[in-house]
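Asker: Pasting in a structure now, in structure tokens, and then I'll have a few things to ask.
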Amino acid sequence: MSSAMGDTLSRHLALSARQAPDEAAFTFVDFGAGRDGNSVELTWSELDTQVRTVAAGLRRSGAVGERVAIVAPQGLDYVVGFLGSLCAGAIAVPLFPPDLPGHGEKLAAVLADAAPALAISAHEQREAVADFCTGHGIASVSRVVSVEILMQSAGTAGTEARTAREPQPEDCAYLQYTSGSTRTPSGVEITHANVCVNARQALEAYDVGGRRNCVVSWLPLYHDMGLMLGIVMPVAGRMRSVTMAPLDFVQQPVRWLRLLTQYDGALTGAPNFAYDYCVQRVPPEERTGLSLGSVAVMINGSEPVSPRTLERFHEAFAPSGIRRTTMRPSYGLAEATVFVAASPAGEEPTVTPFDRDLLAQGTARVAEPAEGGSITELVACGRPTDQEVAIVDPATGCRQEDGTVGEIWLRGPNIGRGYWGRPPDGESFGAVMTGGYPADPAQRWLRTGDLGIWHDKQLYVTGRIKDLVIVDGANHYPHDIELTVENAHPGVRRHHTAAFAVPTDEGERLVVVAEHTPAVTDPQTSLDEVTRAVRGAVAVTHAIAVHDFVYAPPGTVPRTTSGKVARSACRAQYLAGHLTATKHAALKGSGTA
């Protein structure tokens, strides 16, 4: 792949169509059509033709320079609609249909913020999308169209495509909305240069590209990692992309593993919980026939990587040929397009035990098992590729030395140019370290809001500043507490726990909301037992008292559109008294906030 700053996905697509017109480019596997799925495919030539035709239709609809929302289900039309918007010189807004359960308000908030002029949906969903926009007062959307309608209205697309202005690297390509929950939606402005540079960084870090590799992904295309993996990297690296619907993975995760078996040299990725989900939901009899030895890369990112998950996944699928070096713990975020750092190629993930108490105080010291005491095991996220990472004291703006916890700051050509509709404030984009010069663009950094350390030449992410549980002046990382809770009793559902602090008359106190497993049909009978187990485990492991423990039904703990636990949303629901729980198991006489 060329590293020229003049790259755009439009130019990469045109080049692939000329040089490899008949090679398979994008395949969508629809498991709603049968056990093995029904595959629909586009070659590079077919994809280029459809994309250029849709771009012509969008230009004729007045979309140049306007936002175009993609509210279609997962599939080839999503790919064509997104790339067509980019090639037309519009600003794509990758989203999801209104029928995604539990996320209607998020969709309405994003549409209100982006104010798109057009929306692209599935042909049969156009009326539902239009009704949704009307019902939520989204007045900017003048039309809801489909890829089919745009292609019909394009006319002589070939002639128009040759004379139309190509999008420029500095133009905004799309708005990537972060998957937060309660705060006002923030759309990161990603330029054509940003996205192509970040694709090159990721291709280099994972050492993939061309015919030797194939992307296999179930991640939603509206999510930053799903978009990069499923569409951007395949176009930039000329790799075949094979995608499926997220729901098809959730229903039967073995489908993902069978596709990884089918395609040699596969590059794939998922959040940490998905690997545990495969261990839990793919029984030994379904693992027969899986051959995972040829999988090139399995990215583990988007949420904290658990050492236990790495071990459980390898133990379960080692007989299927999976190699430890295939798993690549990674770090990224939407503000950096997505990719920032990955564990080194050809190396097993690095797991380091740190002294938990010292880590809470801001110092990373490797703990020896013989020492006893409290230990936190962290998985390294490796090193950045062609971008710079600094650990900075969030209060003073001073760079921290290795082994000291601080905020992760970033700079590089992949950093988005700001939040849509927000004036530059220097708080997120354009931050300057103490002693720096704000007028010098080379000294401006992105503040990520993530906490981390440098240790032994690798980046470790320790948590989010906004999620820190601070009780009696001591810092506690919520994912540490959540892991302890999930291991305290088999009735607690994995990856469905939220730990957060709430104000009380005695100061900030810890609240834990944990779903019980679906197998627990009468949670009331085991509530006292589970509560004692949770309180005891948290007290012993973290030296903190659980102020309130909510043992809740499955589906209670809110999640972001990317599947992560939404702690801030859970906290807001708790404070508003909206949680549906078996019982609030509060400390006697302490009350609840």
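Asker: Please count how many residues of segment 283-334 are within 17 Å of Pro271 (Cβ to Cβ) and either more than 24 Å from the chain's Cα centre (by Cα) or of a type in the set (Lys, Arg) (or both).
Answerer: 3
Asker: Look at segment 89-108 and say how many of its residues are in contact with a Leu (Cβ under 8 Å, 6 or more places away or on another chain) and in contact (Cβ under 8 Å) with a residue 60 or more places away in the chain.
Answerer: Summing the residues that are in contact with a Leu (Cβ under 8 Å, 6 or more places away or on another chain) and in contact (Cβ under 8 Å) with a residue 60 or more places away in the chain in segment 89-108 gives 7.
Asker: Where in segment 407-486 are the strands (runs of 3 or more DSSP E), entirely inside, with at least 1 residues that are among the hydrophobic types (A, V, I, L, M, F, W, C), more than 22 Å from Gln176 (Cα to Cα) and more than 20 Å from the chain's Cα centre (by Cα)?
Answerer: Strands (runs of 3 or more DSSP E) meeting the threshold: 445-455, 469-471, 474-476.
Asker: Still on this model: Does segment 74-91 contain any residue that is in contact with a Lys or Arg (Cβ under 6 Å, 6 or more places away or on another chain), of a type in the set (Val, Ile, Thr) and either assigned to a strand (DSSP E or B) or closer than 26 Å to Arg559 by Cα (or both)?
Answerer: Yes, segment 74-91 has at least one match.
Asker: To continue, here is another question. Could you identify the single residue in Ser306, Ser217 that is closer than 30 Å to Gly463 by Cβ, of a type in the set (Ser, Thr, Tyr) and in contact with a strand residue (DSSP E or B) (Cβ under 7 Å, 6 or more places away or on another chain)?
Answerer: After applying the criteria, what remains is Ser217.
Asker: Taking segment 255-290 as the search range and keeping residues that are in contact with a Cys (Cβ under 8 Å, 6 or more places away or on another chain) and closer than 21 Å to Ala33 by Cβ, which one is most open to solvent (accessible area, probe 1.4 Å)?
Answerer: The residue in question is Tyr263.
Asker: Same structure, new question: Anything in segment 386-403 that is over 24 Å from Asn198 (Cβ atoms), among the aliphatic types (A, V, I, L, M) and open to solvent by less than 70 Å² (accessible area, probe 1.4 Å)? List them, or say none.
Answerer: none
Asker: Residues that are small (Gly, Ala, Ser): which strands (runs of 3 or more DSSP E) entirely in segment 257-369 hold 2 or more of them?
Answerer: 266-270, 327-332, 339-342
Asker: Using the structure shown, decide if Leu15 is assigned to a helix (DSSP H, G or I), open to solvent by 40 Å² or more (accessible area, probe 1.4 Å) and hydrophobic (A, V, I, L, M, F, W, C).
Answerer: Spelling it out, Leu15 is indeed assigned to a helix (DSSP H, G or I), open to solvent by 40 Å² or more (accessible area, probe 1.4 Å) and hydrophobic (A, V, I, L, M, F, W, C).
Asker: Hey, another quick one. Can you pull out every residue in segment 105-122 that is outside any helix (DSSP H, G or I) and either of a type in the set (Ser, Thr, Tyr) or within 19 Å of the chain's Cα centre (by Cα) (or both)?
Answerer: Ser121
Asker: If I filter segment 228-237 for residues that are among the hydrophobic types (A, V, I, L, M, F, W, C), in contact with a strand residue (DSSP E or B) (Cβ under 6 Å, 6 or more places away or on another chain) and surrounded by fewer than 24 Cβ atoms within 10 Å (Cβ to Cβ), do I get at least one hit?
Answerer: No, segment 228-237 has no match at all.
Asker: Related question: Restricting to segment 404-451, give me the number of residues that are small (Gly, Ala, Ser), surrounded by fewer than 18 Cβ atoms within 10 Å (Cβ to Cβ) and closer than 27 Å to Glu303 by Cα.
Answerer: The total comes to 2.
The values are calculated or read from the model by the stated rules, or taken from the named source; none is laboratory data. Worth saying up front: this structure is predicted, and the values here are computed from it rather than measured. With ideal geometry, Cβ positions are generated from the backbone for all residues, glycine too; neighbour counts draw on all protein chains shown. SASA here: full protein model, heavy atoms, side chains in, ligands and nucleic acids out. Shrake-Rupley method; radii C 1.70, N 1.55, O 1.52, S 1.80 Å.
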